[in-house]
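As structure tokens, the structure follows; a few thoughts come after it.
The values are calculated or read from the model by the stated rules, or taken from the named source; none is laboratory data. Owing to the predicted nature of the structure, the values given are computational and were not obtained by experimental measurement. To get the accessible areas, we keep the full protein, side chains included, count just its heavy atoms, and leave off ligands, DNA and RNA. Shrake-Rupley method; radii C 1.70, N 1.55, O 1.52, S 1.80 Å.
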Amino acid sequence: MSLPHAILTALLEKPSSGLELTRRFDKSIGYFWSATHQQIYRELGKLEQAGHIRALPSEQPTRGQKKDYEVLPAGREELAAWVTRPEDPRQIRDPLLLRLRAAAVVGGADMEAELVRHLELHRTQLAGYLAIEERDFPPERRVSREDRLRHVVLRGGIELETFWTKWLTDTLFELTAPALDLAGEQTPAPGPPPGPATHPDAPGEPSRDA
């Protein structure tokens, strides 16, 4: 149910057309809640039918004219109720973690190149977040509670990307560093087992809030 609430939030910040909303989801809102153009237009229709939003009157003919939407009192009430509604943290579901677990079972998979690619992507995203923080949230602009709330959302993205860059760096080091035998001498790191894992139910699926 979070996509309609993300749309209500965006429309309360600024009444927008469906096209403008998709562009905003491709940028700032999409950093923490992504949606396709089709999903956004579908939810706009549902919200309008539910009486949560309405299309603003236009002096131009409706045909071919983009509609701007605004939130109605019922939509604001629904968003306010959702904000205070208890909701448990979600378990992380990242395909990369599952692929690493699978590589330990099937063997022969060289994941280092893919890990390096992910590391560079997360570094790029982290640099983008830090640039936004420097531009939009200097200390002197974090005065009101509203500004602070927006800033902590951005900080959440910064901390998450910081985690991924550190974890990927540590993972690459562990997978590429030579192993130590019992005598303390360096030996080549062993490859993955050729057969099924000895303990298929052993821990290995990390859990972290998205």
Filtered hits (lysines, Cα-Cα < 17 Å from Lys14, offset >= 8 within chain) -> Lys27, Lys66, Lys67
Surface share of carbon and sulfur [accessible, 1.4 angstrom probe, percent] for region 111-176: 59 percent
For Tyr41 and Glu133, calculate 0.36 nm times their separation in residues minus their Cα-Cα distance, and state this gained length in nm to one decimal. 30.1 nm
With every protein chain left in place, what is the accessible area per residue of region 1-133 in square angstrom, probe 1.4 Å? 66 Å²
Fully extended, how many nm does the chain gain between Ala102 and Gln49 (0.36 nm per residue separation, minus their Cα-Cα distance)? 14.6 nm
